[in-house]
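Only one structure is covered here, and it is reproduced in the block below.
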Amino acid sequence: MTDMRSDKMPGNMTVTDLTRRLIAFDTVNPPGNEQPAMEYCAELLTAGGFDCRLVPQGEGRCNLVATRGIGTGRALGFTGHLDTVPLGGAAWRHPAHAGVIEDGRLYGRGSTDMKGGVAAFMIAALDQADPPPGGVALLITAGEESGSDGARHLAGLGGLPPVGALVVAEPTANRAVPGHKGALWLRLRFHGVTAHGSMPERGVNAVSLAARALPQIEALDLGAAHPVMGAPTLNIGTIRGGLNTNSVPDLCEVTLDLRSVPGVDHAGLIAAIRSCLPQDAGVEPLIDLPAVWTDPETPWLAEITRESAVISQAETEPMAMSYFTDASIFTPALDGVPTVVLGPGQPEMAHKTDEYVRVARLEEAVAIYRGALERWKG
């Protein structure tokens, strides 16, 4: 396979070139191994006049904060991640890291989710002869696919650039989307007492404890519906309990997937669920990411919505994405700045075998991001 990571001057590089080069880095999470790809991005951005800071996050992993023109005022921010999900068991039509282009589609793991989006905002930012008032800030993360680990790490360290609005380049087919639901994943542990299956009265059945608690949990009022996102939801994802048929199980574990909307407090949800459990049962948050929503009438968001619709013929009616993004971490950490999810990837292709992004969408995204930078007033 041709090495798609060979050097090329940023001024001559197209968004298709850069997407293919990023796809060539195997950043399947786990383990991630995003550092080589991050270093490559840092080299390109440094050559283009950016100040770059690589922030380590364990062996072979790091995040990248790249800024240009930061001074008075606030920067226009862009964010995206470089880790990808595993390839799956099915055979791919093209090698998953080759970046093959066929019939206007660029194939490869991460093409849609979301190396194409990262490539598009990098190219748009590198295309600017001068940064906009307030500057531009790129937050490129590791570990998003496992619960926004990189964004959480960066936000926890503090010192994020002063950002006035944030573009999240996750896949929307270049439609401007004002937000997405939150995600609260919980593991419940029910503890019993083991005994022989022929003498169940001598034990406490942990599976039975779970079975009595789950209908109460499903009946909980999760909060008011959002006018665009709809109602919060709860799904019982897994149940595991017992060692064999003829023993009373002393442990049962259940996982819950709750999707929240603005106005729903995750701590309140956890407290309500805990009230349905036996006293010695445990509740462990696995993922805790709040919903993100910006009023579509916010002037900056309304403007980028109109401009993206002109360029990509996208719908302008407000909608919300079903997936979560690093905005769940960055938007609150940046004092609730206006945020839009807007990227070139095909939402329906995320995580799929034969994942692809349309080359035309990549080029549209560069134009949209370039226009946003040119109009930014800091």
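The values are calculated or read from the model by the stated rules, or taken from the named source; none is laboratory data. Keep in mind the model is a prediction, meaning the values are calculated, not measured. Reconstructed Cβ throughout: ideal geometry from the backbone, glycine too, with neighbour counts over all protein chains shown. Keep in mind that these areas ignore ligands, DNA and RNA; they rest on the heavy atoms of the full protein, side chains included. Shrake-Rupley method; radii C 1.70, N 1.55, O 1.52, S 1.80 Å.
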At q = 0.13, 0.16, 0.30 Å⁻¹, what log₁₀ I(q)/I(0) does a Debye calculation on the Cα points of region 103-166 give, no solvent, two decimals? -0.49, -0.72, -1.28
Please determine, in degrees from 0 to 90 and to the nearest 10, the orientation of helix 116-126 with respect to the longest principal axis defined by the Cα atoms of the chain, where the helix direction is its Cα long axis. 40 degrees
With the chain treated as a Gaussian network of Cα nodes joined by springs under 10 Å, which of P200, P161, P249 yields the largest mean-square fluctuation? P200
For T14, other-chain or 5+-apart residues with amide H closer than 5 Å (H placed, Pro excluded) are none
Per 5 angstrom bin, beginning at 0 and ending with the bin that holds the maximum distance, the Cα pairs of region 212-368 fall in percents of 1, 7, 13, 15, 16, 13, 11, 9, 6, 4, 3, 1, 1, 0
Can you give the accessible area of H196 in Å² (nearest 10), computed on protein heavy atoms with a 1.4 Å probe? 90 Å²
log10 I(q)/I(0), Debye, Cα-only the chain, no solvent, q = 0.06, 0.13 Å⁻¹? -0.26, -1.01
Note, ³J(HN,Hα) from phi for region 22-33, Karplus 6.51, -1.76, 1.60, rounded to Hz, x at Gly and Pro: 5, 4, 5, 7, 7, 10, 4, 10, x, x, x, 6
Just to check, using Stokes-Einstein with a Kirkwood Rh over alpha carbon pairs, what's the diffusion coefficient of region 130-252 at 4 °C and 1.567 mPa s in µm²/s? 66 µm²/s
Relative contact order of region 290-378 (C-alpha contacts under 8 Å, at least 6 apart) in percent is 31 percent
All other residues with a Cβ under 12 Å from the Cβ of A367 taken together, and with Lys, Arg as +1 and Asp, Glu as -1, what is their net charge? -3
Here D for region 1-112, in µm²/s, from Stokes-Einstein with a Kirkwood Rh over Cα pairs at 20 °C and 1.002 mPa s, works out to 139 µm²/s
Report, to the nearest whole %, how much of the accessible area of region 270-310 belongs to carbon and sulfur atoms, 1.4 Å probe, protein only. 51 percent
Does anyone have the angle between helix 299-312 and the longest principal axis of the chain? Alpha-carbon axes, 0 to 90°, nearest 10? 70 degrees
Taking Cα pairs under 8 Å and at least six residues apart, what relative contact order does the chain come out at, in percent? 24 percent
When you have a sec, figure out the Kirkwood radius of region 238-290 from all distinct Cα pair distances and drop it here in Å to one decimal? 13.2 Å
D280 accessible area, nearest 10 Å², 1.4 Å probe? 90 Å²
Sequence of R189, R240, R259 from largest to smallest accessible area, 1.4 Å probe: R240, R189, R259
At 222 nm, what value in deg cm²/dmol follows for the chain if DSSP H runs of at least 4 each add -39500 (n - 2.57) and the sum is divided by all its residues, to the nearest 500? -8500 deg cm²/dmol
Of all DSSP beta bridges with both partners in the chain, the antiparallel percent, nearest 5, is 75 percent
